[in-house]
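Written out below as structure tokens is the structure these notes cover.
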Amino acid sequence: MSKALTLDPKGKGRIVANGIFASNPVFRLVLGMCPTLAISTSAFNGLGMGIAATVVLVCSNLLVSLLRKVIPDRVRIPAYVLIIATFVTMVEMLLRKFVPALYDALGIYLPLIVVNCIILARAEAFASQNGVGDSVLDGLGMGLGFTLALVLLGFIREFLGAGTVFVGELGDASFGLVLGDMPDYAMSVFVLPAGGFLTLGLVMAAINAISAKAEKDRQSKCAAAAEETFAEQPTPATAGANDGAEAAAAISEGEGNADGADKGAEATKARDAEGGDE
Amino acid sequence: MSKYIVSASPHITSPATTRRIMLDVIIALLPALVAAMLLYGFYTLFMAVLSVGTAVFCEWLFNVITRRRQTVGDLSAIVTGLILALNLPPVVPFYVPMVGAAFAIIIVKMLFGGIGRNFANPAITARIFLMLAWAGVMTRFVAPIDLSDGANLFVYFKEALNIDLPAAITTATPFDAVKQALESGANPAEGLSALDMFLGRIGGSAGEVSTLAVLIGGIYLAVRRVIDVRIPVIYISAVAVFTAIFYADTGYVGEYVWTYLLGGGLVFGAVFMATDYSTSPKGGVAVLIYGVGLGLLTVIIRKFGSMNEGVSYAVLLMNIVTPLLDRIRPRPFGTPRVKLSDKWLAWKRNRARKKESAAEGGECVA
């Protein structure tokens, strides 16, 4: 989140990064659990599901945002569902024509994208209140976050449960890596539903632990920066009376600290935004 | 002055520490371990060492990493490792008990808060995890060795790494025969010897084949008052009763009952796993429901399930129900008895009041 802030001060990239990291639909918002647990049995399935959901998410966010002033408030949910279902049907037909293997692997979960909480939630919470450009970016970010999460879970589950890495087939080409004797020793529990819950829980715990630590580090850094500024602020005035050169140095230092404090304030703002999102 | 401890009542001290209880359980498990070693050789003992070692190491490591108070000293990790090893088939590749013990300690026990806070028995959950992970390895059993030649004690070390055991040394468990008999309508006890099954000279999981050894441990625990004797007694008799009911129309009720009591992991599960303190209920009625539920589930899974054995799944399911059973509270000492009909009336009054307030637009009943 803070990285995105420093990279893109205008905040457009922030919307995308928000979907991938701070409000990752799987690991942070815990939405769309049904396809997540059912489809992430292999990395390739996860990728297919993620891309399908991303396409639907971007298109539906676009249309919902365009029509947000036309749709009456009382019937907005049926209207959203209708829009989403249209795009899901299109994606379904395209997949069936061009990637039949993936179409079979996704099974019932492909039409079920219609009722995927992520898509409905973004239409309701974001697209219906924001401009077209921002809504498309939000859909893209959320979709990428969902895709990344599914691929990560699918990679772990496939590796542990089947002993392969990214096996799949697209058209006539089949790719992927079978690791020697690994399939004989693989723990098949990880491609079963129980393994899905286990992997999701452990990955989520790891992500929470990492982000909690990062947050703590950032807070202590902010606090240290703020303390330093506070302690050194009176220095220029007193030093100025004694020695001009020293005072200049102190002032430039003070500026540096002020920068740090600004960054700290920005980070705090970003955190508030996160809290608001959740 | 520091020698005098000032504290509020009650001033009762007891030698029953966690460590002492766990030591008792370890002592009670020793007969089963010795029996497994005599039946299947030293490889089974080696598996137990691996399992216990991994369990203790994982608990130590988890406490170090998360900077918690070190709890290895209470010996509960040793008990978990030992029970898990005795729950496995006698010959499995070395990594199976290690993964199982790590799963039991880290995921089932420590992530939920350590000893006393686990939602299910760690050993049994790990066994189910291993069943799902390596179904092939976990369902092949070897025949007991011939003890007249001492070299036989080492015979399984050679085979252990092989995932496909040679057919010559694998054997069927009594329940394979029982299941077949159930399908064909034949006598289930055909070719089974009650004495062999009591002593453990059959195929099966390392620690649970010898009913005699398990019973010795169980009696020790009962005498030391470590376990709640009601649980195994109710559980085992419930299995007998439900077997008689479910198999009443087969014409071999007696045969089914004794094969079901001696054949699988029933006695081991009832004595060592269903009685886990943190996952079994305390009150009288709750214990009764717990035991009967265990028996009913075991018989249902054994008869209708695709697997031969249902003890581990029954224990896991009833472990999960335990928090609900613990809400059945015994009447506090000194309070008047409330008749059931009065309770029912009070409940109805309460509900009517809630409905009224809901009709007025207050809180929702649902």
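The values are calculated or read from the model by the stated rules, or taken from the named source; none is laboratory data. This one's a predicted model, so the numbers in the text were calculated from it and none came from an experiment. Counting neighbours? That spans all protein chains shown, and the Cβs are built from the backbone with ideal geometry, glycine included. Areas reflect the complete protein model, heavy atoms only, side chains present, ligands, DNA and RNA absent. Shrake-Rupley method; radii C 1.70, N 1.55, O 1.52, S 1.80 Å.
Remarks
- Residue list for the stretch B:74-117, restricted to those being open to solvent by 10 Å² or more (accessible area, probe 1.4 Å), in a helix (DSSP H, G or I) and either within 14 Å of chain A (Cβ to nearest Cβ) or more than 25 Å from B:Val267 (Cα to Cα) (or both): B:Asp74, B:Tyr95, B:Met98, B:Val99, B:Ala102, B:Phe103, B:Ile106, B:Ile107, B:Leu111, B:Phe112
- Residue tally, condition at the interface with chain B (Cβ under 9 Å from one of its Cβ atoms) and open to solvent by less than 50 Å² (accessible area, probe 1.4 Å), over the stretch A:200-221: 1
- The set of residues in the stretch A:158-194 being within 12 Å of chain B (Cβ to nearest Cβ) and loosely packed, with under 13 Cβ neighbours inside 10 Å consists of A:Asp181, A:Asp184, A:Pro193.
- Matching residues, the stretch B:186-227, being buried (at least 22 other Cβ atoms within 10 Å of the Cβ) and within 30 Å of B:Pro15 (Cβ to Cβ): B:Gly207, B:Ala213, B:Val214, B:Gly217, B:Gly218, B:Leu221, B:Ile227
- Flag for B:Asn152 being away from chain A (no Cβ under 14 Å) and in a loop (DSSP other than H, G, I, E, B): no
- Residue selection: A:Gly145 satisfies the criterion of being part of a helix (DSSP H, G or I) and away from chain B (no Cβ under 14 Å).
- When B:Ala135, B:Ala143, B:Ala126, B:Ala120 are checked against the criterion of being open to solvent by 20 Å² or more (accessible area, probe 1.4 Å), at pLDDT 80 or above and within 14 Å of another protein chain (Cβ to nearest Cβ), a single residue qualifies: B:Ala135.
- A:Ala105 open to solvent by less than 40 Å² (accessible area, probe 1.4 Å) and either at pLDDT 90 or above or in the same structural domain as A:Leu177 (by TED's automatic domain parsing) (or both): no
- Some residue of the stretch B:19-38 being without any contact (Cβ under 8 Å) to a residue 24 or more places away in the chain and closer than 30 Å to B:Gly113 by Cα: yes
- Failed item in (1) assigned to a helix (DSSP H, G or I); (2) more than 10 Å from chain B (Cβ to nearest Cβ); (3) open to solvent by less than 80 Å² (accessible area, probe 1.4 Å), with A:Phe197 passing the rest: (3)
- From A:Val99, A:Val136, A:Val114, residue being within 18 Å of A:Leu31 (Cβ to Cβ) and surrounded by 16 or more Cβ atoms within 10 Å (Cβ to Cβ): A:Val114
- Members of the stretch A:64-88 that are open to solvent by less than 60 Å² (accessible area, probe 1.4 Å) and in a helix (DSSP H, G or I): A:Val64, A:Ser65, A:Ala79, A:Tyr80, A:Val81, A:Ile83, A:Ile84, A:Ala85, A:Phe87, A:Val88
- Answer residue from the stretch B:296-321, given it is of a type in the set (A, V, I, L, M, F, W, C) and under 22 Å from B:Glu183 (Cα atoms) and is farthest from the chain's Cα centre (by Cα) among those: B:Phe304
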